[in-house]
Amino acid sequence: MKLLEITEIKTLPFFAPNGGDSLEARIKKVPLRGINGKDGEPVKVYEHARLEIRQLTPEELRQHVFTGQLMIYQTHLDFLAQLEKLLHEKTGEKLTSISKCYEFTSRYIDEKGEEQTSHWTLIPPIVEENLYTLEGALNGRVRYEDLRKHLPEELALNPLLKEYEFGKRRYKVVFPIICDGAHRVYLAYQRKEPITVAYLSNVLEGFPYYAHPQPYDKTKVVPSHDHEHDPEYADLQKVHVFDGQHSKRLYRLFPAAGLYTGGVRPDAVLKK
C-alpha cells in the first residue's frame, strides 16, 4: 500500500470534562459485533470502563502485556512509516506518542493497485484489562519484593514466602490485552521507545476479547497477509475464543461508535 495524502484533519480530545465529544465518550458507546443483551441491544463492554492515557515501555510490554495477534505485517509497518511522515508534517506528532486523537481523510493505493479514499480516526492503541478465571496449579509466587519502594528498609520479608505454593485452585487474574493498534505498538517496541496507549480497566466481565491472550514477546513480523498461512508461521495464528462462524462475535466494533481505526475492516459490521 502507498499513502498519497491525508486531508481534512480535525482533532478529538481524549477527555471532555463537560460531557462533550471525546475519545472517552465514544469508547463507552463501542458495541460488540454480534452479542446482544437481554434488552436486545448490542452489549457495550466499555460503558462503565475507566480510561487512562498511559505510556508503556518495551519492558512493560514484554513482561505484563498480552496480545491476541502475534502476526505483524511488514506491509502495515511500511504504511505506518508513510503515515507518520505525513502526520508529523501536518501536526508535529509521532504515531507512538500522540497528544490527542486525529480524524482525517486518507487517499492511498491499496494492495490491488487501486486508489482508495478512507476516513480514519487515529487514536492511541487500546489495551484493555480482561479478568479471566485460571484453573490448575499456580507455579508463580507473589512478588513482595516490589513493596520495597513503598515501605521502610528495616522491614524484612519472611523467607518462607519464597517457598509458598498455591496448589490446584481457581484464580481470577487480570490480563492486559492489546485489542487495537497492534502494529503501532510493535513500531514502538521495535524502536525501543515508550508507546502512548488508551488503557481501559473495569471492562464488563464475561465478554472477553475475541482472541485468546498470548505473551507479547512471541510476536513476529510476517511479510504480508499473503504469507500468513505459510507453514513457518503456523504457530502465530490467532486462537479465537469461539470457533468457526462465530469467531468474531466478541469483536469490539469501534467504527459503530465513530472510531474508524485504520479504516473499516470488511467484516466490521454489526450483527444482531
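Rule-based calculations on the coordinates, nothing more; no lab input. Fair warning: this is a prediction, and the values are worked out from it, not measured in the lab. Heads up, the Cβs are rebuilt from the backbone with ideal geometry, glycines too, and the neighbour counts pull from every protein chain shown.
If each Cα of the range 63-134 is one equal point scatterer, what is log10 of I(q)/I(0) from the Debye formula at q = 0.12, 0.16, 0.28 Å⁻¹? Each listed q maps to, in turn, -0.47, -0.77, -1.42. Remark: ASP146, ASP78 ranked as ASP146, ASP78, counting other beta-carbon atoms within 10 Å and listing the fewest first. Computed extension gain for SER99 through SER224, at 0.36 nm per residue and net of the alpha carbon distance, reaches 42.0 nm. The Kirkwood radius of the range 13-72, taken over pairs of alpha-carbon atoms, gives through the Stokes-Einstein law at 10 °C and 1.306 mPa s a diffusion coefficient of 111 µm² s⁻¹.
Projected onto its three principal axes, the C-alpha set of the range 147-209 covers 43, 32, 21 Å, listed from the longest axis down. Length gained on full extension, GLN245 to GLU111, computed as 0.36 nm times the residue gap minus the Cα-Cα distance: 45.6 nm.
What does the charge add up to near THR133, with Lys and Arg as +1, Asp and Glu as -1, over the other residues with Cβ less than 15 Å from its Cβ? Net local charge, THR133 excluded: +1. Using a cutoff of 8 angstrom between alpha carbon atoms and counting only pairs six or more residues apart, the relative contact order for the range 2-257 works out to 34 percent. Maximal additional length on extending the LEU77-LYS192 stretch stands at 39.9 nm, based on 0.36 nm per residue less the C-alpha distance. Computed from the C-alpha gyration tensor, the three semi-axes of the ellipsoid equivalent to the range 75-184 are 46, 20, 11 Å, from longest to shortest.
Calculate the FRET efficiency for LYS238 and ALA16 from the Cβ-Cβ distance with a Förster distance of 41 Å, rounded to the nearest 0.05. Between LYS238 and ALA16 the formula returns 0.75. Normalised by residue count, the range 10-139 yields a Cα convex hull volume of 200 Å³ per residue. Neighbour counting of Cβ atoms within 10 Å sorts the residues HIS246, HIS229, HIS150, fewest neighbours leading, into HIS150, HIS229, HIS246. Measuring between their Cα centroids, the range 1-65 and the range 211-227 lie 22 Å from each other.
Semi-axes of the equivalent ellipsoid of the chain are 33, 22, 22 Å, computed as sqrt(5λ) over the eigenvalues of the C-alpha gyration tensor in descending order.
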